[in-house]
Amino acid sequence: MNAIRTEALTKHYPVGFWRQRPYVALDALTLDVHQGEVFGFLGPNGAGKTTTLKLLMQLTYPTSGRAEILGQPVGDVSVKRRIGYLPENPYFYDYLTAEELLHYFAGLFGYAAADRRRRVAGLLDEMGIGAERRLQLRKFSKGMLQRVGIAQAIINDPEVVFFDEPMSGLDPLGRREIRELILRLRERGCTVFFSSHVLSDAEALCSRVAIVASGRLAATGDLSEILATHARGWELVMAGLDDTVLEAATASGRVERVTPLGGRRYALALPLSVAPDRLVADLVSQGGELVSVNPIHETLEDFYVRQIGAVENDRGLAAV
Amino acid sequence: MRLIGQIAVNVFKESVRDKVLYNLVAFAVLMIAVSYLLGQLTAGQDMKIIKDLGLAAIASFGRLIAVFIGIGLVWKEVERRSIYSLLSKPIHRYEFILGKYAGLALTLFVNVVVMTAAFYAVLAYLNTQFPESVRVSWPAPATDPGMLRAIALIFLELLLITAVALFFSTFSSPFLSAALTLGLWVIGHFNDDLRSFETVVESPVAAYFARGLYYVLPNFGAFDIKTQVVYALPVPWLYVVTTTAYACVYIAFLLAGAVAIFSKRDFR
């Protein structure tokens, strides 16, 4: 059973006043998230990430398609007992303290008073909220509210937790703490689905990612496979080459860049279109000696930019 | 039921900590004090004026609380997005609406009780300030418990206003909700005139239309028995019971409408 499953999930919003037309916020999103994994839901602003999360939380209703969490349709109240949700830029009740808010939310799960007290105190400690827990939330900074938001999302020890931009508003130390928290949640067997446009967070945490752009799924897959299978070139390390040979190779366009490594060794960057075995044969015939040859993999950022670009081009062509 | 109670307690807590609420209570108490001062200037009529003004103050400040908190109950949660976290918890949308309503009803109840206590305290004090010869000329004793009937109906009116405000706030902005609620309240006070509209118009269509409006619009005038209690005129218990039943049915329809609209709403 998947932790989350969406099938052709689509959301149109009407825009305009007199002559309303549909704005496609999400276009036939089909996605599977496995249990126990940290899943990164990536995309630029306005890509449809928050819309997807709102559909999964039943804060909005789909135009078509369906979604399930833990094998049950979204919106089923019994599912909500098993999940947690941090909205983007969370905001709570001005006149409640952090402690009172968490007590209130824990009460909605039906925990007894003693259990509530234990959970709330433990979570506030875990989120680094000390004496401030007795301050009214209107006095909290954005970063502190984000911590409270994360605490309320995991108050029920959820099996699946949804974080919408969890690092937003946090300082570097706070970001690291949240990264560690997400890893701890994964160790406990919790599935973490988080949306972000900060790729370094996804690279550090996720086992799988999906990239959305303009409401469409641009790519999805295992992060290590994406990065391993998408080479953007080759790196040769050669020894014993003359400058004239290197200049000729660069001039021919077969080598993009030469980096001296010392001891007459050079790192040669080749574009993906150049077969490294032929170049190696040529260079060896001119006195060179092969030390190593390795593919240069794309970073997640390269992959992301390429996927977003492809979707944008598609849209451009469709518009033409 | 437990969840509705928890949401209601949270609304109550928020309202009590909201300074505006304290101001309104303080204002109501001040109003009662002013009525006392006014009474000093009108010999012989003091007690009736004080009772009338006191009951009017309880109703007016209650209405202000009902309208201005009622219209923000749902809107504030949506606008500030606190509803996102709340609705991701194991609650139904109808529980949210009923919890919000119950919370404001509780707030109003506490306010009405506080204002009533202050009102009776002023009356009890004034009672000691007049000689027996003046007191016997009053149509009813200063601290006449019969006034509680009027206050009970004021409270019912407040519950109905809250339901109207909550209904409008599920689909419109606070400004529009306030305008619609106040508009309905004003029309609702002239509801009896709509019933007898056929006596002043010749068009049967207009008469039927007015009669239709009479049955659809809330009859707020029915909750006003201030004059009767101040002048110690009889207010049958049957009237109080039927008015209560009317309010309960109307409130139930409004809340059902609010739940139906809110349950279909998209939070963009």
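Quick notes
- The charge dipole of the protein assembly as shown, taken about its Cα centre with unit charges on the Cβ of Lys, Arg, Asp and Glu (plus for the first two, minus for the last two), comes to roughly 1440 debye.
- Comparing B:64, B:254, B:87 in a Gaussian network model of chain B where C-alpha atoms under 10 Å apart are linked, the largest mean-square fluctuation is found at B:87.
- Lys/Arg +1, Asp/Glu -1 at C-beta; chain A dipole; positive extreme among A:220, A:127, A:246: A:127
- Estimated inter-spin distance, residue B:249 and residue A:235, nm [label 7 Å along Cα→Cβ]: 8.2 nm
- Most mobile listed residue (B:174, B:139, B:204) in chain B, GNM with C-alpha springs under 10 Å: B:204
- Bridges between two residues of chain A, per DSSP, are antiparallel at a rate of about 70%.
- Take the Cβ atoms of residue B:60 and residue B:268, set R0 to 41 Å, and the FRET efficiency comes out at 0.65.
- When both bridge partners sit in the protein assembly as shown, DSSP labels roughly 70% of those beta bridges antiparallel.
- Fluctuation leader among A:198, A:74, A:255 - chain A, Gaussian network, Cα springs under 10 angstrom: A:255
- Under the span-like rule (Cα at least 18 Å along the axis, Kyte-Doolittle mean at least -1.0), DSSP H helices of chain A: A:113-126, A:172-187, A:300-319
- Per residue of peptide A:83-93, the mean number of Cβ atoms on other chains within 10 Å of the residue Cβ is 5.
- Summarising the label geometry, the points placed 7 Å from Cα in the beta-carbon direction at residue B:79 and residue A:312 lie 3.6 nm from one another.
- Taking amide H as placed 1.01 Å from N in the peptide plane, residue A:233 has its amide H under 5 Å from the amide H of A:296, each at least 5 places away in sequence or on another chain.
- Couplings 3J(HN,Hα) for the range A:211-223, derived from phi with the Karplus relation 6.51 cos²θ - 1.76 cosθ + 1.60 (θ = phi - 60°), are 10, 10, 8, 6, x, 10, 6, 8, 6, 8, x, 6, 4 Hz, where x marks Gly and Pro.
- Cα long-axis angle, helix B:19-41 against chain B (0 to 90 degrees, to the nearest 10): 20 degrees
- Residue-span extension gain [residue A:275 to residue A:224] - 0.36 nm each, minus C-alpha spacing: 16.0 nm
- Fewest neighbouring Cβ atoms within 10 Å first, the residues A:214, A:78 line up as A:78, A:214.
- Averaging Cα coordinates gives a centre for the range B:183-238 and one for the range B:240-268; these two points are 21 Å apart.
- Scanning residues 5 or more positions from residue A:256 or on other chains, those with amide H under 5 Å from its amide H are A:269, A:270, with H placed 1.01 Å from N in the peptide plane.
- Footprinting exposure proxy for B:60, B:82 (fewest neighbouring C-beta atoms within 10 Å first): B:60, B:82
- The ranking of B:248, A:190 by Cβ neighbour count inside 10 Å, starting from the fewest, reads B:248, A:190.
- Placing +1 on the Cβ of every Lys and Arg and -1 on the Cβ of every Asp and Glu, with nothing else charged, gives chain B a dipole about its Cα centre of roughly 1000 debye.
- In this label model, residue A:198 and residue A:20 are separated by 3.7 nm, measuring between points 7 Å along each Cα→Cβ vector.
- For the range A:158-307: Kirkwood Rh in Å [reciprocal of mean 1/r, alpha carbons]: 18.4 Å
- Computed 3J(HN,Hα) for the range B:153-169, one whole-Hz value per residue from the Karplus formula 6.51 cos²θ - 1.76 cosθ + 1.60 where θ = phi - 60°, is 6, 4, 4, 4, 4, 5, 5, 5, 4, 4, 5, 5, 4, 5, 4, 5, 6, glycine and proline marked x.
- Crossing angle, helix B:204-216 versus chain B [Cα axis fit, 0-90 degrees, rounded to tens]: 90 degrees
- Summarising the amide proton neighbourhood of residue A:34: residues at separation of 5 or more, or on other chains, whose placed amide H is nearer than 5 Å comprise A:3.
- Separation between Cα centres of the range A:248-292 and the range B:64-143, rounded to whole Å: 84 Å
- Rounded to 10°, Cα long-axis angle of helix B:93-129 versus longest principal axis of chain B: 10 degrees
- Cβ-derived FRET efficiency at R0 56 Å, residue A:183 paired with residue B:33, nearest 0.05: 0.30
- Cα gyration tensor shape for the range B:2-263, rounded if a/c is under 1.5, else prolate or oblate: oblate
Only the coordinates and a few stated rules stand behind these numbers; no lab work does. Everything numeric in this text was worked out from a predicted model, so none of it was measured. A quick note on method: Cβ atoms are made from the backbone with ideal geometry, for glycine too, and the neighbour counts reach across all protein chains shown.
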